[in-house]
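The structure under discussion appears below in the form of C-alpha cells.
The values are calculated or read from the model by the stated rules, or taken from the named source; none is laboratory data. It should be emphasised that the depicted structure is a prediction, and the values quoted were computed from it without experimental measurement. With ideal geometry, Cβ positions are generated from the backbone for all residues, glycine too; neighbour counts draw on all protein chains shown. With ligands, DNA and RNA removed, areas are computed over all heavy atoms of the protein, side chains included. Shrake-Rupley method; radii C 1.70, N 1.55, O 1.52, S 1.80 Å.
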Amino acid sequence: MSTLLIAAISCMVLALTFYTIGVFAERKTGLLLNWHALVFWCGFVFDTAGTTIMSKISGHGFTFNLHSVTGLVALLLMAFHAIWATIILIKKDDKAKQTFHRFSLFVWIAWLVPFVLGIFIGMNQ
C-alpha cells in the first residue's frame, strides 16, 4: 500500500471521526457550541485533504460519476455547514443555535454517501 493511499485513508477516517463527533455531540447537547464548529472545520479540512490526495492517486481530476458528484455536493455542504455554524456563533443567535443540529444531521448523512461509495469503489480495484 502506497504512502499516499495511507495518507488519504487516514485523512478520510479523521474527517469521519471529527464530523461524527461534532454532529452527535451537538445533537446530544441540543445547542451549537464553539467547539462543535471547530470540529466541523476539522472534518472539512481532513475531507478536503483526503479528497485531494485521492485525486492525485487516481491521476486525473474530476470525472462525472456518482462518487465524484456526491463527493462534490458533500464537500460543498460541509463548507456551507461550517461557515453557517461560525456565523451563527458570531451573531450569538440563540434560536439558530438550538435548531442547527437538524441541518448538521442532514449534512452528515449526505457526506456518508460518497464516503461509503468510496469504500466500495476502493474494494473493487
Within the range 96-103, can one find any residue that is modelled with pLDDT of 90 or more, among the basic types (Lys, Arg) and not in a helix (DSSP H, G or I)? no
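What about Met1, is it of a type outside the set (Phe, Trp, Tyr) and part of a helix (DSSP H, G or I)? Write out each step before concluding.
On the way: of a type outside the set (Phe, Trp, Tyr): yes; part of a helix (DSSP H, G or I): no.
Here the answer is no, as Met1 does not meet what is asked.
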Among the residues of the range 7-25, the number that are over 30 Å from Lys97 (Cα atoms), of a type outside the set (S, T, N, Q) and at pLDDT 95 or above is 1
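Taking Trp84 as the residue in question, decide whether it is among the aromatic types (Phe, Trp, Tyr), more than 28 Å from Gly122 (Cα to Cα), surrounded by 16 or more Cβ atoms within 10 Å (Cβ to Cβ) and free of Cβ contacts under 8 Å to residues at least 40 places away in the same chain. Full working, then the answer.
Working: among the aromatic types (Phe, Trp, Tyr): yes; more than 28 Å from Gly122 (Cα to Cα): yes; surrounded by 16 or more Cβ atoms within 10 Å (Cβ to Cβ): yes; free of Cβ contacts under 8 Å to residues at least 40 places away in the same chain: yes.
Yes; evaluated as a whole, the condition is true for this residue.
Could you tell me whether the range 43-50 includes any residue that is surrounded by fewer than 16 Cβ atoms within 10 Å (Cβ to Cβ) and out of contact with any His (no Cβ under 6 Å at 6 or more places or on another chain)? Explain how you work it out, then say what you get.
Within the range 43-50, the first condition is being surrounded by fewer than 16 Cβ atoms within 10 Å (Cβ to Cβ), and the residues that meet it are 48.
Keeping just the survivors that are out of contact with any His (no Cβ under 6 Å at 6 or more places or on another chain) gives 48.
Yes, because at least one residue in the range 43-50 is surrounded by fewer than 16 Cβ atoms within 10 Å (Cβ to Cβ) and out of contact with any His (no Cβ under 6 Å at 6 or more places or on another chain).
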Restricting to the range 35-78, what's the tally of residues that are closer than 15 Å to Gly118 by Cβ, among the aromatic types (Phe, Trp, Tyr) and without any contact (Cβ under 8 Å) to a residue 12 or more places away in the chain? 1
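For the structure I just gave you, tell me whether Leu66 is over 22 Å from Ser10 (Cα atoms) and within 19 Å of the chain's Cα centre (by Cα). Reasoning before the result, please.
Numbers: over 22 Å from Ser10 (Cα atoms): yes; within 19 Å of the chain's Cα centre (by Cα): yes.
Taking the combined requirement at face value, the residue satisfies it.
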When Thr99 is run through (1) open to solvent by 30 Å² or more (accessible area, probe 1.4 Å); (2) in contact with a helix residue (DSSP H, G or I) (Cβ under 6 Å, 6 or more places away or on another chain); (3) among the hydroxyl-bearing types (Ser, Thr, Tyr), the failure sits at (2)
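At pLDDT 95 or above, among the hydroxyl-bearing types (Ser, Thr, Tyr) and part of a helix (DSSP H, G or I): does that describe Thr86? Show your work before the answer.
Details: at pLDDT 95 or above: yes; among the hydroxyl-bearing types (Ser, Thr, Tyr): yes; part of a helix (DSSP H, G or I): yes.
It is true that Thr86 is at pLDDT 95 or above, among the hydroxyl-bearing types (Ser, Thr, Tyr) and part of a helix (DSSP H, G or I).
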Can you tell me which of (1) open to solvent by 60 Å² or more (accessible area, probe 1.4 Å); (2) over 22 Å from Leu5 (Cβ atoms) is the one Ala37 doesn't meet? (1)
